[in-house]
Amino acid sequence: MDVFTYDPGFTSTGSCESAITFIDGDKGELLYRGYPIDQLAEKSHYLEVCYLLLYGELPTAAQMEDFESRVTHHTMLHEQMKNFYSGFRRDAHPMAVVCGVVGAMSAFYHDSTDISDPWQREVATIRLIAKLPTIVAWAFKYSVGQPMVYPRNDLDYASNFLHMCFAVPAEPYEVNPILARAMDRIFTLHADHEQNASTSTVRLAGSSGANPFACIAAGVACLWGPAHGGANQACLEMLREIGSVDRIPEYVNRAKDKNDPFRLMGFGHRVYKNFDPRAKVMQQTAKEVLDLLGVADNPLLQVAQELERIALEDPYFKEKKLYPNVDFYSGIILEAMGFPTELFTPIFALARTVGWISQWKEMLEEPVQKIGRPRQLYTGATYRDYTDVEKR
Ligand code: CMC
């Protein structure tokens, strides 16, 4: 009989070697290729972070220019993909649309699906990073019944995304640089997070030799759940439901009640047993954005700040080391920018695509490839003979 370790939820299983992202959950530290996330959020920008995650080092100016021009060359979607969108219901969740469209990329870009060819792998990588903003923005436009806005390659990555989401042909639209900076920071903070559920899904799909677009679609599907990327939508909905500061104790008590399935969304993490360093940057960014928009007295922000204060002082949350995570403040920023809650998780998917593809690339560059294949503890019936239907 095979011997293996039973580890439901993979709480103590290392699935791979990786040199991309490091988390020290006790210290609340997150490093991309050795660089701390707060320094990258402050001093770098998303496309530079993409380069760092993909190739291991910060780019020189010439390398950055080349990378940026390769990405912007691929921002358009195949024109026929617009027809593909119109097959969805207008009221479909944009995450369903994004999952479908990313999966369909292997039908539109099959010249970059041969994973044995390093050049095709690189083209698929660039295509995914370049096209995800267009895919997500078009899912948004489709849901609100507005015409799709084509990418503008004279804009930086985050500004172009805001342009595709909020510009309408009838009116002039100028991207606010402070909002673009906040958007870029949200992308940077979500870019990678080592072997979380969706990244492990991408690796598992990739281990079978599936093409990169299929693997990333699998990652998008996994991210959707409220315990993972869907928490940003769930968190904002929770803050709205709480509604006012005086109702917070009721919800905190519910979160502590073991007979109530309710959890404080945006709280807790499998790895962080200290402040999620991304949440700290996100909190600061939320203040900046709300100040800029003149909505610093936003009731949701007040509820969030007070909820954070009460929960951090509560013995239950202290004992279980439950701190606010990245999703706690991101929804407030995105809502203030004008995004509907349904778009929060697609935006997370857009930003995480570089992490998924970096991990997929790293896996395929390993000298030995092995299909991922966990075992199980069988709990079903032992051997028994088939019973004919008339005897059952
Ligand atoms: N509210 C109340 N209690 C909680 C919470 C919460 N948000 N999170 C964990 N707990 C309790 C849980 O009930 C359990 O208690 P006990 O030991 O008495 O059974 C204990 O803390 C450990 O929880 P767990 O579910 O065993 O921990 P996990 O590592 O399996 O789950 C988690 C981590 C993130 C799924 C969980 O903390 C959670 O559901 N949080 C809310 C959803 C959320 O914010 N998710 C976003 C995560 S960050 C972004 C991302 O990576 O996608």
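The values are calculated or read from the model by the stated rules, or taken from the named source; none is laboratory data. Computed from a prediction, not measured in an experiment: that's the story for all the values here. Neighbour counts run over all protein chains shown; Cβ positions are idealised from the backbone, glycine included.
Structure notes:
- Only one entry of Cys215, Cys235 meets the criterion of being surrounded by 21 or more Cβ atoms within 10 Å (Cβ to Cβ), of a type outside the set (Phe, Trp, Tyr) and within 12 Å of the ligand (Cβ to nearest atom), and that entry is Cys235.
- Of all residues in segment 164-206 being among the charged types (D, E, K, R) and surrounded by fewer than 20 Cβ atoms within 10 Å (Cβ to Cβ), the one that is nearest to the ligand (Cβ to nearest atom): Glu194
- So Gly28, is it within 16 Å of the ligand (Cβ to nearest atom) and on the phi > 0 side of the Ramachandran plot: yes
- Search result, residues across segment 84-93 that are free of Cβ contacts under 8 Å to residues at least 40 places away in the same chain and part of a helix (DSSP H, G or I): Phe84
- Taken over segment 326-360, the criterion of being touching a Pro at 6+ places or on another chain (Cβ under 8 Å) and farther than 22 Å from Glu237 by Cα is satisfied by Ile357, Trp360.
- Residue within segment 299-310 that is in the same structural domain as Ser244 (by TED's automatic domain parsing), within 16 Å of the ligand (Cβ to nearest atom) and assigned to a loop (DSSP other than H, G, I, E, B) present: no
- In the condition set (1) over 30 Å from Leu40 (Cα atoms); (2) within 12 Å of the ligand (Cβ to nearest atom), Val245 is compliant with all but (2).
- Among (1) closer than 19 Å to Leu307 by Cβ; (2) buried (at least 17 other Cβ atoms within 10 Å of the Cβ); (3) within 12 Å of the ligand (Cβ to nearest atom); (4) not hydrophobic (A, V, I, L, M, F, W, C), the one test that Gln283 misses: (3)
- Within segment 94-113, the residues that satisfy the criterion of being in contact (Cβ under 8 Å) with a residue 12 or more places away in the chain and either part of a loop (DSSP other than H, G, I, E, B) or of a type in the set (Gly, Ala, Ser) (or both) are Gly100, Gly103, Ala104, Ser106, Tyr109, Ser112, Thr113.
- Candidates Pro36, Pro59 - the one that is touching a strand residue (DSSP E or B) at 6+ places or on another chain (Cβ under 8 Å) and either within 19 Å of His190 (Cβ to Cβ) or not aromatic (Phe, Trp, Tyr) (or both): Pro36
- For segment 325-347, the condition holds for at least one residue, the condition being that it is surrounded by fewer than 24 Cβ atoms within 10 Å (Cβ to Cβ), part of a helix (DSSP H, G or I), of a type in the set (Val, Ile, Thr) and on the phi < 0 side of the Ramachandran plot.
- Filtered by the rule that a residue be within 18 Å of the chain's Cα centre (by Cα) and part of a loop (DSSP other than H, G, I, E, B), segment 269-298 gives His269, Arg270, Val271, Tyr272, Asp276.
- Taking segment 318-335 as the range and being of a type in the set (A, V, I, L, M, F, W, C) and either at pLDDT 90 or above or near the ligand (Cβ under 9 Å from one of its atoms) (or both) as the test, the residues that pass are Leu322, Val326, Phe328, Ile333, Leu334.
- Among the residues making up segment 2-21, a single one is among the acidic types (Asp, Glu) and within 16 Å of the ligand (Cβ to nearest atom): Asp7.
- Residue check for Met265: hydrophobic (A, V, I, L, M, F, W, C) and assigned to a helix (DSSP H, G or I): no
- Here Gly9, Gly25 are screened, and the one residue that is touching a His at 6+ places or on another chain (Cβ under 8 Å) and either of a type in the set (S, T, N, Q) or closer than 19 Å to Ser200 by Cα (or both) is Gly25.
- Scanning segment 18-41 for residues that are over 29 Å from Lys320 (Cα atoms) and in contact (Cβ under 8 Å) with a residue 40 or more places away in the chain yields Ala19, Leu40.
- Qualifying position, being within 13 Å of the ligand (Cβ to nearest atom) and free of Cβ contacts under 8 Å to residues at least 24 places away in the same chain, among Asp291, Asp276, Asp260: Asp260
- Scanning segment 263-273 for residues that are basic (Lys, Arg) and either surrounded by 23 or more Cβ atoms within 10 Å (Cβ to Cβ) or within 9 Å of the ligand (Cβ to nearest atom) (or both) turns up Arg263, Arg270.
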